[in-house]
Amino acid sequence: IKKIAVFTSGGDSPGMNAGIRSVVRTCAYLKIECVGIYRGYEGMIEGDFKPMDARSVNNIINKGGTILKSARCDEFRTKEGRKKAYEQLKKEGVDAFVVVGGNGSFAGALAFNEEYNFPVMGMPGTIDNDILGSTYTIGFDTAINTVVDAIDKIRDTASSHNRLFFVEVMGRDVGHIALNAGVGAGAEEILIPEQNLGLERLLDSLKRSKKSGKSSSIVIVAEGDRIGKNVFELKEYVEEHLPIYDVRVSVLGHMQRGGNPTCFDRVLASRMGVKAVESLLEGKSNYMVGIRDNKLILTPISEAIKAHTEIDEELLRVSDIMTT
Ligand code: F6P
């Protein structure tokens, strides 16, 4: 392998730049050529490549977003799209690629490898922390810190006005952001897809909390929660069934994907980038670099995309105890 391409794909996440930097600098260190591909698979199909050397990634470790841009690409889901991508990579003389992204991006890499026997390596970059084979994904730590910071602020005003807030957080189909940030921010209730609390229990819990002397409350709702009502409907429902509360809603949205990455995410991305390049040079392919028990591990991409990581049962229990 003489030339490696790196790109970011799917929803961006803080720390992706640190990951790009790590791949580029590891290549430079090992005297391998490196190219960046803009806009993920879309740019691969269009041949939007840029040679990268150690200096082209100066001053990006601290920046959110991704300097290579990101995209979700439907054309790469087709055989024709992947053929175009292969031709562009060959034209550019690329021998292998590292993709920083989530499940969809890995599924694309796997299909590509199966068709062209092209060496691929994945690095998990998503705020959702939903990828099997890694306890943490790049961007998750920053996102939960952003959410905690936002909820701390919401709590100030909630408490001044004795209000109940429903705060919706991201996470797609999983509740990792909600649970971790909820425990960290001391939320009164946390609604996640992995555990359907039910409307009755929610009302009971809110009644109990009022009775126990709490004047304000924060309920975190994961966007993928299955309670059957979105945050605005929940507000109406509670106002109707529990008129003791003055209710407000806050949907945190894409602010959760931005911002300077935390030290944890920068270090994680730096470690994963080194491992990704070194693994390719050792002849490995079709793996995702992950972290478990603070050790870097490789999981076959075919395994990593099979399921989401399960919710941490111990943390669920802690959350139950903390909300009494
Ligand atoms: O996967 C990251 C994520 O931010 C999810 O938490 C969210 O459901 C989704 O992406 C939002 O996607 P988009 O940026 O396309 O609206």
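Nothing in this text is a laboratory measurement; each read-out follows from the coordinates by a stated rule. Here the structure is a predicted model, which is why all the values come from computation and not from measurement. Note that each Cβ is placed from the backbone with ideal geometry, even for glycine, and that neighbours are counted across all protein chains shown.
Projecting the Cα atoms of SER270, LEU179, ALA150 onto the charge dipole of the chain (Cβ charges, centred on the Cα centre) puts SER270 farthest toward the positive pole.
Charge tally around ASP246: other residues with Cβ under 12 Å, Lys/Arg +1 each, Asp/Glu -1 each, net +3. Looking at the chain, the DSSP beta bridges with both ends there are about 25 percent antiparallel.
Sort LEU68, LEU164 so that the residue with the fewest other Cβ atoms within 10 Å of its own Cβ comes first and the one with the most comes last.
Ranked by crowding around the Cβ, least crowded first: LEU68, LEU164.
Placing unit charges on the Cβ atoms only, positive for Lys and Arg and negative for Asp and Glu, gives the stretch 84-165 a dipole magnitude near 220 debye about its Cα centre.
Extension gain, LYS90-MET322: 0.36 nm per intervening residue step, less the Cα-Cα distance, totals 77.9 nm. Here the stretch 203-324 is treated as an ellipsoid with the same Cα gyration tensor; its semi-axes, largest first and in whole Å, are 42, 16, 15.
Think of the stretch 83-202 as a dipole: +1 on every Lys or Arg Cβ, -1 on every Asp or Glu Cβ, centred on the Cα centre; then among LEU191, TYR86, PRO124, TYR86 lies furthest on the positive end. Simple spin-label estimate for HIS241 and LYS50 gives 5.2 nm between the two label positions (7 Å along the Cα-to-Cβ direction from each Cα). Within a straight-line Cα-Cα reach of under 30 Å, LYS84 can be paired with the following lysines, leaving aside sequence neighbours fewer than 8 residues apart in one chain: LYS2, LYS3, LYS31, LYS50, LYS69, LYS275, LYS284, LYS306. Fully extending the segment from PHE232 to LYS2, taken as 0.36 nm per residue of separation minus the present Cα-Cα distance, adds 77.4 nm. Counting only Cβ charges, +1 for Lys and Arg and -1 for Asp and Glu, the dipole size of the chain around its Cα centre is about 920 debye. Placing dummy labels 7 Å off each Cα toward the beta-carbon, the span from ALA307 to LEU199 is 3.2 nm.
Each part gets one Cα centre, and for the stretch 41-97 versus the stretch 149-220 those centres are 40 Å apart. For GLY213, the shell of other residues with beta-carbons less than 13 Å away shows a net charge of +4, using +1 for Lys and Arg and -1 for Asp and Glu.
For the stretch 98-168, the relative contact order is 21 percent, taking Cα pairs closer than 8 Å that sit 6 or more residues apart in sequence and dividing their mean separation by the residue count. For the stretch 17-168, taking the reciprocal of the average inverse distance between every pair of different Cα atoms yields a Kirkwood hydrodynamic radius of 17.4 Å. Length available on full extension from ASN62 to SER212: 0.36 nm per residue minus the Cα-Cα distance, which gives 49.6 nm. A simple packing score, the average count of other Cβ atoms within 10 Å per residue, orders the peptides 85-91, 50-56 as 85-91, 50-56, with the highest score first. The Rg/Rh ratio of the stretch 1-79, with both radii computed over alpha carbons and Rh defined as the Kirkwood radius, is 0.98. Placing unit charges on the Cβ atoms of the charged side chains and taking the dipole of the chain about its Cα centre, the candidate lying farthest along the positive direction among ILE67, ILE311, ILE1 is ILE1.
Within the stretch 50-131, the proportion of C-alpha pairs whose separation exceeds 14 Å stands at 70%.
Residues considered: ASN230, ASN103, ASN59. Largest GNM mean-square fluctuation over the chain, using C-alpha springs under 10 Å, is found at ASN59.
So what's Rg/Rh here for the stretch 102-208, counting alpha carbon atoms and using the Kirkwood radius for Rh?
Here the Rg-to-Rh quotient is 1.13.
Summing Cβ point charges (Lys, Arg +1; Asp, Glu -1) relative to the Cα centre of the stretch 136-293 gives a dipole of roughly 220 debye. Pick from GLY36, GLY253, GLY125: which is most flexible by mean-square fluctuation in a GNM of the chain where alpha carbon atoms under 10 Å apart are linked? Residue with maximal mean-square fluctuation among GLY36, GLY253, GLY125: GLY253.
Placing a label point 7 Å from the Cα of SER160 along the Cα-to-Cβ direction, no residue of the stretch 235-249 has its backbone N under 14 Å from that point.
Taking only the Cα atoms of the chain, the radius of gyration and Dmax are 21.6, 70 Å.
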